[in-house]
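What follows is a single structure, written as structure tokens, with notes after it.
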Amino acid sequence: MTTEVSILPIQSIYSIDNHIITATVLNEEPLIMKFDHVLSDEECQALIESAASRLAQSKLANKEVSQIRTSKGMFFDKNESLLITIIENRISSLMQVPIAHAEGLQVLHYEPGQEYKEHYDFFWPNNPSSHNNRISTLVIYLNDVEEGGETTFPNLGITVKPVKGSAVYFEYFYNNQTLNELTLHSGEPVIRGEKWVATQWMRKQRIREGD
Ligand SMILES: O=C(O)CCC(=O)C(=O)O
Ligand SMILES: [Fe+2]
């Protein structure tokens, strides 16, 4: 058995600026956690409202539109509003990665039948972005989904149901690539209702200027 150090120290509660986030470990290696109360109902609603008019067809990491990913999405600019600054800073503290390593916060919207098929969030070595690869992901659910829309890790038998304000966290910065590859995951098709998520991808090195 391998024992590799995770980015996030495992705790049952993370207290960030008087904001109490409770945590459940779903898998230790690779580390997969569920967090509750990452965002308040008001913050979820405000994110949805500021994203709604800016949605465009989602693309893959290689910028191609594909049937793998049928949601619509958008990226916020860093610090573009007080809401975004507050949320980005909380996420950065929670993920224990400096804000300068954060890609823009992304919001995705799925309608019934829409999904994000099995994929990895990290870049393979042939992708130019792999020189400053992603190391961890936080997917925050912005609403409750009537049916479907779970985030699933098929190789680990883990399924996370969307709950407003909760999040699933996972990391893939292990020396052992087999552990990283266990983070294969999907956003299951929404069956009834709609699904809104905010995704934060963190890089190994800084990606933002001026932070
Ligand atoms: O929508 C989901 O449950 C997963 C989203 C996801 O995998 C991503 O944004 O990278
Ligand atoms: Fe993903």
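Read-outs: derived from the displayed coordinates by stated rules, not from any lab. Keep in mind it's a predicted model, so treat the numbers as computed, not measured. Ideal geometry is used to build each Cβ from the backbone, glycine not excepted, and the neighbour counts take in all protein chains shown.
What to note about this one:
- For region 139-211: rounded, prolate or oblate by the Cα gyration tensor [a/c cutoff 1.5]: oblate
- Mean residue ellipticity (222 nm) of the chain, computed from DSSP H runs ≥ 4 via -39,500 (n - 2.57), nearest 500: -4500 deg cm²/dmol
- The string of couplings for region 114-124 from the Karplus curve (6.51, -1.76, 1.60, θ = phi - 60°) is 7, 7, 10, 5, 3, 7, 9, 8, 6, 8, 6 Hz, one whole number per residue in order, with x for Gly and Pro.
- Cα shape, region 1-110, gyration tensor, a/c 1.5 rule: oblate
- Computed from phi, the 3J(HN,Hα) profile of region 32-47 under the Karplus parametrisation 6.51, -1.76, 1.60 (θ = phi - 60°) reads 10, 10, 10, 10, 10, 6, 6, 10, 6, 4, 5, 5, 4, 5, 5, 5 Hz, with x in place of Gly and Pro.
- Using 0.36 nm per residue and subtracting the Cα-Cα separation, the extra length available between E80 and I10 on full extension is 22.1 nm.
- Anchor K195: aspartates and glutamates whose Cα lies under 12 Å away (excluding residues fewer than 8 positions away in-chain): E111, E115, D144, E146, E147, E150
- For peptides 134-144, 110-120, 88-98, 44-54, sequence by mean Cβ density within 10 Å, most packed first: 134-144, 88-98, 110-120, 44-54
- Shape of the chain, Cα gyration tensor, a/c cut at 1.5: rounded
- Förster radius 22 Å - calculated FRET efficiency between E209 and S40, Cβ distance, rounded to 0.05: 0.15
- Close amide H pairs (under 5 Å, H built 1.01 Å from N) link L142 with G165, W196, V197, A198, residues at least 5 positions away or on another chain.
- Spin-label pair R54/V25, simplified geometry with 7 Å Cα→Cβ offset, distance in nm: 3.7
- Between amide H atoms placed 1.01 Å from N, distances below 5 Å from I7 occur with no residue 5 or more places distant or on a separate chain.
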